[in-house]
1. Filter the stretch 112-162 for residues that are crowded, with 22+ Cβ neighbours inside 10 Å, within 19 Å of Leu250 (Cα to Cα), over 36 Å from the mean Cα position of the chain (by Cα) and in contact (Cβ under 8 Å) with a residue 60 or more places away in the chain and give the result.
2. I'd like the full set of residues that are under 36 Å from the mean Cα position of the chain (by Cα) and buried (at least 19 other Cβ atoms within 10 Å of the Cβ), limited to the stretch 451-488.
3. Can you tell me which residue within the stretch 387-438, out of those that are within 23 Å of Glu589 (Cβ to Cβ) and of a type in the set (Ser, Thr, Tyr), is modelled with the lowest pLDDT?
4. Before we move on, is Ser119 part of a loop (DSSP other than H, G, I, E, B) and within 30 Å of Leu72 (Cβ to Cβ)?
5. Within the group Gly312, Gly390, which residue is touching a residue at least 12 places away in the same chain (Cβ under 8 Å), touching a strand residue (DSSP E or B) at 6+ places or on another chain (Cβ under 7 Å) and not aliphatic (A, V, I, L, M)?
6. Keeping to the stretch 455-480, report how many residues are part of a loop (DSSP other than H, G, I, E, B), of a type outside the set (Lys, Arg) and touching a residue at least 60 places away in the same chain (Cβ under 8 Å).
7. Within the set of pairs 6+ apart or on separate chains, which have a first residue in the stretch 530-551 that is more than 24 Å from Gly517 (Cβ to Cβ) and assigned by TED's automatic domain parsing to the domain that holds Gly508, a second that is surrounded by 18 or more Cβ atoms within 10 Å (Cβ to Cβ) and of a type in the set (Ser, Thr, Tyr), and C-beta atoms under 9 Å apart?
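The values are calculated or read from the model by the stated rules, or taken from the named source; none is laboratory data. Only a predicted model underlies this, so the values are computations on that prediction, with no experimental measurement involved. Using ideal geometry, Cβ is built from the backbone for each residue, glycine included, and neighbour counts are taken over all protein chains shown.
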Amino acid sequence: MNYFLTGGTGFIGRFLVEKLLARGGTVHVLVREPSLAKLDRLRERWGATDDQVKGVIGDLSSPGLGLDAKTLKALTGKIDHFFHLAAVYDMGADEDAQEIANIEGTRHAVDAATAMQASRFHHVSSIAAAGLFKGTFREDMFEEAEKLDHPYLKTKHESEKVVRESCTLPFRIYRPGMVIGHSRTGEMDKVDGPYYFFKMIQKIRHALPQWVPTIGIEGGRLNVVPVDFVVNAMDHIAHLDGEDGQCFHLVDTDPYKVGEILNIFAEAGHAPRMAMRIDSRMFGFIPPFIRQSVKNLPPVKRLTGAIMNDFGIPPSVLSFINYPTRFDARETERVLKDTGIEVPRLTDYAPVVWDFWERHLDPDLFKDRTLRGTVEGRVCVVTGATSGIGLATAHKLAEAGAILVIGARTRDKLDAVVDELEAKGGNVHAYQCDFSDMEDCDRFVKTVLDNHGQVDILVNNAGRSIRRSLALSFDRFHDFERTMQLNYFGSVRLIMGFAESMLERRFGHVVNISSIGVLTNAPRFSAYVASKSALDAFSRCAAAEWSDYNVSFTTINMPLVKTPMIAPTKIYDSVPTLTPEEAADMIAEAIIYRPKRIATRLGIFAQVLHALAPKLGEIVMNTGYRMFPDTAAVGGKRRGEKPKVSSEQVAFAAILRGIYW
């Protein structure tokens, strides 16, 4: 047998070629010249020689497939089966590309098959040819297709029409369902159909334990079939006698609803299942024009778009959620009877499909999630960069190839940091600045923009902390003023200074080093927590204004870190703390992923506790306040005197690790 295939190097095609080779046939595969290397790799996969699989140079978009006269002459009268598989199987592709590949490509394939006098033409169509037909679509139906507005549906219908109306050769048409990975290996070559929802399932898994019930959708029935069933059925049917002119639905006659499919893959991916699924028919009492008006509201469209973009789901996919069509497959069932070729249940092979996607197709696998990939060549500003968290962060950014701008009050310390980082190959620029002085902040902003043109990432790290009970602060109002001046006004001054150019370029990221104390309402830190809370509130408001300009804010509610800032409080020598390097890792994570907030689980728990049971949270914090003393110098003891630490204090601090006391 001699075979000719368009799309032989594609997903379905590569499996079909394997089946045809098993019959001892010679397979001619249409390829563009740049794809010859791909065909060579596939020959190795198939274990085939050049004589068994022959590459035919041509192009689907050219008349007659672009075959030259010599090639056409050599093939004329020699082809027993011409399989036309090549098409655009992508609902997100543009309309012109789909028309050229699906409609014109089919016309060119029919013309080429006719010219080479092929014995039989096999057209691989799709259930999409039925459009959004309401009810059961039979194999003998075609003109009855409905709602073909979507380019993919329209072009699949029109391409099948080309075969039905202009192919003078004996032909057979195959309409596979939504083809997914191999039922034994999970192999797939792209994200399509149900795969669009895998990222959503994965993110839910990361956010929630598997036992937490969630709410989802019911949806219509999606006809999902594995590639091996499609190929096995097609190979068998193609070689039967007496079936010309027939159309065969290669589908699951008992398809699952969208919600069932999502739950099956949620279980395969160890994610929470949707315990409650909402059926759109519940809202049938709402007039259609009202539903459409709500969907078209700008906030609703933006929110929907943001969610869809985050999950990587094309907007066009939403129109298939309530898919209305069922497919009758009695002709296919007739010819496959007693062959053992049948659709396996999705529950049986979903785990291998999920595993293959997560190992090979997950879009995050192809994103550079390294710090270098995020900051290399970008201007990154770090304040308070001569010690502690700022210094550790400066090291990471310099090593990752950032154009690093550092600022601090002391010139000598800045120069020492520059020498240290440049010795490691860093591109570092230091500017002296007192960030509690607004005029100095303005000068710093102007100098940085004049010298570097822009700021891509601003890390507001410079800060001042004061640990003092309110009862000891009645005559120290200046503590509140100077803390607010640096922690809040200084940071806001820099944000406002750099924001204009960020907005013009539609890119910018501000990372604010806040405190776990904002979440826990830490006693003795009223001045510090108030200043950080003010910065958090400002950032939330600014983010709401600049979200559509791609200028984002990340707040890091940093737990207790062993830095020079906490050195005067000797009690901290005996309680668990983070190292500056661990804190810098949190900042690196913020820069790479740009989340709204980074906080420890304990910090988030404390915030929830204060929201749900504020009195209980207050009692816990008051207990810690009474358990730990004020700083030695504040309490009247000699500075530097190390306080005695009881076992109860150590245990309490260990349980509530990272909280300020």
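1. Matches in the stretch 112-162: His122 only.
2. Within the stretch 451-488, Val455, Asp456, Ile457, Leu458, Val459, Asn460, Asn461, Ala462, Gly463, Asn487, Tyr488 qualify.
3. Among those residues, the one meeting the criterion is Ser387.
4. yes
5. Gly390
6. Adding up the residues that qualify gives 8.
7. Within 9 Å, the pairs are Trp546/Ser552.
Residues checked against (1) farther than 30 Å from Val110 by Cβ; (2) part of a strand (DSSP E or B); (3) out of contact with any Pro (no Cβ under 9 Å at 6 or more places or on another chain):
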residue	(1), (2), (3)
Tyr174	no, yes, yes
Asp189	no, no, yes
Val212	yes, no, no
Ile215	yes, yes, yes
